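A.B. asks: Have a look at this one.
The values are calculated or read from the model by the stated rules, or taken from the named source; none is laboratory data. Since the structure is predicted, the reported quantities are computational estimates derived from the model, not experimental observations. Every residue, glycine as well, gets a Cβ built from its backbone with ideal geometry; the counts of neighbours run over all protein chains shown. Heads up: the accessible areas ignore ligands, DNA and RNA and are worked out on the full protein's heavy atoms, side chains in. Shrake-Rupley method; radii C 1.70, N 1.55, O 1.52, S 1.80 Å.
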Amino acid sequence: GYPCEAFWDWHNDGSICARIVGTKRDGDCADDGRWRIDGNRLCWTFTWLGGGEGYKKMCVLVEPVDEGKYRTTRVGSGGITFFTFVDLSDAD
């Protein structure tokens with residue numbers, strides 16, 4: 001893979017605003033999805049985003065790796081990192 005950056009907004013009502021790679025943090029949503037916590041897994045479903053890449057509907061395990069930084073692994077992947085993320089909810 002190659003380093004890339006995408007901004008997704010996770011709302012308290014269970015909705016997601018997903019932006020495609022390269023879109024600015026305040027850019028338009030490319031797709032709207034729904035998220036939920038299922039046990040120790042974070043799960044989401046989009047209407048079309050990720051369909052060709054296999055992440056339109058999936059669950060990941062989330063673990064902290066550093067202050068404010070997290071690592072996700074696909075459920076059933078044997079611990080291979082899917083993506084890392086930073087919580088920007090308190091950022092300017």
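A.B. asks: Criterion first (charged (D, E, K, R) and at pLDDT 95 or above) does residue 31 satisfy it?
C.D. replies: Criteria met by residue 31.
A.B. asks: Tell me, which residue of the range 51-71 that is modelled with pLDDT of 90 or more and within 22 Å of residue 13 (Cβ to Cβ) is surrounded by the most Cβ atoms within 10 Å (Cβ to Cβ)?
C.D. replies: Looking at residues that are modelled with pLDDT of 90 or more and within 22 Å of residue 13 (Cβ to Cβ), I get 60.
A.B. asks: Another one. State whether one or more residues within the range 55-70 are within 18 Å of residue 4 (Cα to Cα) and outside any loop (DSSP other than H, G, I, E, B).
C.D. replies: yes
A.B. asks: Here's a follow-up. So, in the range 24-39, how many residues would count as being open to solvent by 40 Å² or more (accessible area, probe 1.4 Å), in a loop (DSSP other than H, G, I, E, B) and touching a residue at least 12 places away in the same chain (Cβ under 8 Å)?
C.D. replies: 3
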